[in-house]
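Please treat every number below as a calculation from the coordinates, not as lab data. Note that the coordinates shown come from a computational prediction; the quantities given were computed from them, not determined experimentally. When we count neighbours, we look across all protein chains shown, and the Cβ atoms used for this are built from the backbone with ideal geometry, even at glycine.
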Amino acid sequence: MSNYPINSTMVTSLGIILASQSPRRKQLLEWAELPFTVVVQPTDESYPVGLSFEDTAIHIARNKALAVQKDHPFTIPILAADTIVVLEDRVIGKPNDRDDAIAILTALSGKIHRVITGVIILYNEREVAFADSTEVAFHHLSDEQIIFYVDKYQPYDKAGAYAIQEWIGVVGIKSVSGDFYNVMGLPVSRVVQELMKL
């Protein structure tokens, strides 16, 4: 194993388990030069009525982490996350199909929405839980822009039907207030800080 910038921590000697198949989260951990292994178990992503948006994201992330922990109890840190998009007090999930993706982006066009990522870290009978929120403002998007993006990038696995690091983020986003990488799916700098504390 190569030397990592935070090699004074347990994280570097054992690595962590990432309880997510998200390519964006894997990429962010690679950029942070954190050693990790992806382990995913099927997880119920429903949540109780009445939770705040932040607690909703944390609840789903916790279920992901607990599902993996059953087979890897307390051996190395388990990191799980869930990202939701909130527009006008309504949670917007992943699009069901092309028409749904177009409808979602049409609704986001010209408006400000929030991207909330809930994070859970389980290790040595300890749990770290937090949520990070970022405000994203879109320019007004034309129908042609939306259709072009949906047809070329097919954002069906993404909450809010877009990825900020893709074409639509380059041309369509007016401003970002908060952690940019949180919009990609993981507030990675805070994750690193919390892992170092462990």
Among Lys64/Lys94; Lys158/Lys197; Lys26/Lys111; Lys94/Lys174; Lys111/Lys152, the pairs whose Cα-Cα distance exceeds 26 Å are Lys158/Lys197; Lys26/Lys111
Spatial separation of Cα centroids for segment 22-75 and segment 95-124, in angstrom
16 Å
Could you compute the net charge surrounding Val150? Neighbours are other residues with a C-beta less than 14 Å from the C-beta of Val150; K and R count +1, D and E count -1.
-4
Dipole of the chain, positive end: most advanced residue of Ala57, Ala159, Leu28 [Cβ charges, Cα centre]:
Leu28
Ordered by number, the GluC sites (Glu not before Pro) in segment 93-198 that occupy a DSSP loop and have at most 10 other Cβ atoms within 10 Å are Glu125
Quick one: net charge of Val40's neighbours, Cβ under 14 Å, K/R +1, D/E -1?
-1
If one takes the longest principal axis of the Cα atoms in the chain, at what angle in degrees, from 0 to 90 and to the nearest 10, does the Cα axis of helix 98-108 lie?
90 degrees
What would the Debye formula give as log10 I(q)/I(0) at q = 0.09, 0.12, 0.15, 0.19 Å⁻¹ for the alpha-carbon point model of the chain, no solvent?
-0.34, -0.60, -0.90, -1.29
Could you list Phe180, Phe36 so that the one with the fewest beta carbons within 10 Å of its beta carbon is first and the one with the most is last?
Phe180, Phe36
Relative contact order for the chain: what percent, with Cα pairs under 8 Å and sequence separation of 6 or more?
22 percent
Counting each DSSP H run of 4 or more residues in the chain as -39500 (n - 2.57), what helix-only mean residue ellipticity at 222 nm follows after dividing by all residues, to the nearest 500 deg cm²/dmol?
-10500 deg cm²/dmol
Using only the alpha-carbon atoms, how far is helix 188-197 inclined from the longest principal axis of the chain? Give it as 0 to 90 degrees, nearest 10.
20 degrees
Looking at segment 12-108, which trypsin sites (Lys or Arg not before Pro) are DSSP coil and have at most 12 other C-beta atoms within 10 Å of their C-beta?
Lys70
Angle between the chain longest axis and helix 143-153 axis [Cα atoms, degrees, rounded to 10]
30 degrees
